[in-house]
1. Enumerate the pairs (first residue in the range B:26-51 and part of a loop (DSSP other than H, G, I, E, B); second residue anywhere and crowded, with 20+ Cβ neighbours inside 10 Å) with beta-carbon separation below 9 Å, excluding pairs fewer than 6 apart on the same chain, so at least 6 apart or on different chains.
2. Is there a residue being facing another protein chain (nearest Cβ under 9 Å) and touching a Cys at 6+ places or on another chain (Cβ under 8 Å) anywhere in the range B:255-275?
3. Which count do you get for residues in the range A:95-111 that are over 12 Å from A:M24 (Cα atoms) and over 19 Å from the mean Cα position of the chain (by Cα)?
4. Name the residues in the range B:231-247 that are open to solvent by less than 10 Å² (accessible area, probe 1.4 Å) and within 11 Å of chain A (Cβ to nearest Cβ), would you?
5. Condition test on B:R413, is it open to solvent by 60 Å² or more (accessible area, probe 1.4 Å), of a type in the set (D, E, K, R) and either within 14 Å of chain A (Cβ to nearest Cβ) or in contact (Cβ under 8 Å) with a residue 12 or more places away in the chain (or both)?
6. Of the numbered conditions (1) under 20 Å from A:A34 (Cα atoms); (2) modelled with pLDDT under 75, B:L197 satisfies every one except a single condition; which is it?
7. Go through the range B:10-29 and give me each residue that's among the hydrophobic types (A, V, I, L, M, F, W, C), more than 7 Å from chain A (Cβ to nearest Cβ) and within 11 Å of B:L114 (Cα to Cα).
8. Is it the case that some residue within the range B:222-239 is without any contact (Cβ under 8 Å) to a residue 40 or more places away in the chain and touching a helix residue (DSSP H, G or I) at 6+ places or on another chain (Cβ under 6 Å)?
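The values are calculated or read from the model by the stated rules, or taken from the named source; none is laboratory data. Since we're looking at a predicted model, the values are computed, not measured. A quick note on method: Cβ atoms are made from the backbone with ideal geometry, for glycine too, and the neighbour counts reach across all protein chains shown. These area figures cover heavy atoms from the full protein model, side chains too; ligands, DNA and RNA do not enter into them. Shrake-Rupley method; radii C 1.70, N 1.55, O 1.52, S 1.80 Å.
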Amino acid sequence: MRIMYIVTSPQSDRGPTPALMEAMGKLADREIKAGRMLDTGGLMPIAMAGAQVRITDGKLGVIDGPFVETKELIGGYAIFEHRDMEEAMAGAREFMQLHLEHMPGWEGTCEVRVMATPGVDGACDVGARAHA
Amino acid sequence: MTAADVNRTILAVWRIEQPCLITGLSRMLRDVTLAEDLTQEALVAALEHWPVTGVPDKPGAWLMATAKRRALDDLRRRRMLARKHEMLTREQEQEQQAMPDPDAALDDDIGDELLRLIFTACHPKLSREARAALALRMICGLTTEEIARAFLQPEATIAQRIVRAKRTLSESGLTYEAPRGAELSERLASVLEVVYLIFNEGYTAARGDEWLRPQLCNDALRMGRVLTLVAPQEAEAHGLLALMELNASRLAARTDAAGDPILLMDQNRARWDRLQIRRGLLALARAHDLGGGQGFYTLQAAIVACHARAKTPADTDWPRVAKLYAELAALVRSPVIELNRAVAIGMAEGPATALVIVDQLAHEPALKNYHLLGSVRGDLLYKLGRFAEAHAAFEVAVKLAGNKRERELLMRRADEARDAMTIIR
């Protein structure tokens, strides 16, 4: 099951502490070696470099800031392969626990989303075997 | 949280931590079997304590501490036994090895340990089936029940297989080693074979339709990713990973809503997983950088990459596919590969050239009951306008196809050929 973790925080002025960076690095190293972590990256604040393309009232509009309400958002994402939602939640808990320990006072959210991937398919791909 | 929730969380945490626990303990004890048993004991302890005390903040550390404590008990007991033995036999003193510092050992890089674990689970002394079962259990953390379901075997059979495999490892005295240099490459072949076996069990789904079977693809992919990280210089490990990523990227497009197979040429390429294709192509490039261009898995990955790179079926570089199949055929003599090469040549140079190759294959004993021979032959004849012969070829293929969905597809093609025949008349 492909899982996307999306981390956001209203505290844009606080980058991660060196202790947190180190702890996250260790965790990432373990997860990559276990073959679970597939991709990861940080996101710049949307006000600094980003935009939204929205549809409202049947019209397409591009909003490139300033984002009064959301300008404080900063975050990152990570893509994992987990066996089930429980395993994904255990991973998210561990990740947020690191923030709790290494960045006192920090507040934020880790959203855990299941990515749309093929569920169960039982059939055979004749083409793939004959042609590839 | 209900008791059932707690139990599920415990199992999830344990699955995540298991390979780490086994590798850390193996180093301490020099005994993978014992390490695995202690890891299981830690799980039992968690199942006893956590529903009462709650899940600790650092569940992984808790599990490791528990397993470590039991390991130390075990070491002490063994040391005492050794001393008594010594006293009784009055043999020359051979002081037991000083107890290693477990903390220092556990803080170390786990990469090398993980590699040893993989090589242990995939030891050539074990049968392929036993290797696959052990690898799924120790590296992917599957339960005996899950492994049994995946391989459509009774649980007792798998349990026995695992017990026997562990005994074989203990008795052979070769329980804990990671070969180096040339020996590593040699032994790696058997590891890659097991990983590929597991992947194909999940991918081709020749039997049954258990939900866990696509999960086997993911487990094989996971092991493949681990291998490229812990043995980064091995080109074929990258080649196999590339092959698996590229094949898996098409999973969503391989069947329609009713579960019927969709041929490669008819697949909706927008449904191919681009992130996975990117990873596959990266792994393939690395295999080539390491000089693996002529390896068994790398060559196959290169073929699949030709499809992955093509935005439409018409964009496919068929001459390159045919060339890669020729190289693959030079490496492994197999009529199935030859049949695939014929398909590629049919696309690159036209059906007539391909039919010559396919007709030569008609007498291969290995293909006597292979339905795809008839399927490919029927397709080529159809394209050449020889509909009566195409119909007959598809009919043969229908009789030989084992999978229901495939049979239905071939029947449709046979009908098409028959219809084309009557139109012409």
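1. That search, which allows pairs on different chains as well, returns B:R30/B:T175; B:D31/B:L25; B:D31/B:T175.
2. Checking the range B:255-275: at least one residue is facing another protein chain (nearest Cβ under 9 Å) and touching a Cys at 6+ places or on another chain (Cβ under 8 Å).
3. 2
4. Passing the criteria: B:L243, B:E245, B:L246.
5. Working: open to solvent by 60 Å² or more (accessible area, probe 1.4 Å): no; of a type in the set (D, E, K, R): yes; either within 14 Å of chain A (Cβ to nearest Cβ) or in contact (Cβ under 8 Å) with a residue 12 or more places away in the chain (or both): yes.
Spelling it out, it is not the case that B:R413 is open to solvent by 60 Å² or more (accessible area, probe 1.4 Å), of a type in the set (D, E, K, R) and either within 14 Å of chain A (Cβ to nearest Cβ) or in contact (Cβ under 8 Å) with a residue 12 or more places away in the chain (or both).
6. Single failed check for B:L197: (2).
7. B:L21, B:I22, listed by residue number.
8. Narrowing the range B:222-239 to residues without any contact (Cβ under 8 Å) to a residue 40 or more places away in the chain: B:224-225, B:232.
Adding the requirement that they be touching a helix residue (DSSP H, G or I) at 6+ places or on another chain (Cβ under 6 Å) leaves B:224.
So far as the range B:222-239 goes, yes, one or more of its residues are without any contact (Cβ under 8 Å) to a residue 40 or more places away in the chain and touching a helix residue (DSSP H, G or I) at 6+ places or on another chain (Cβ under 6 Å).
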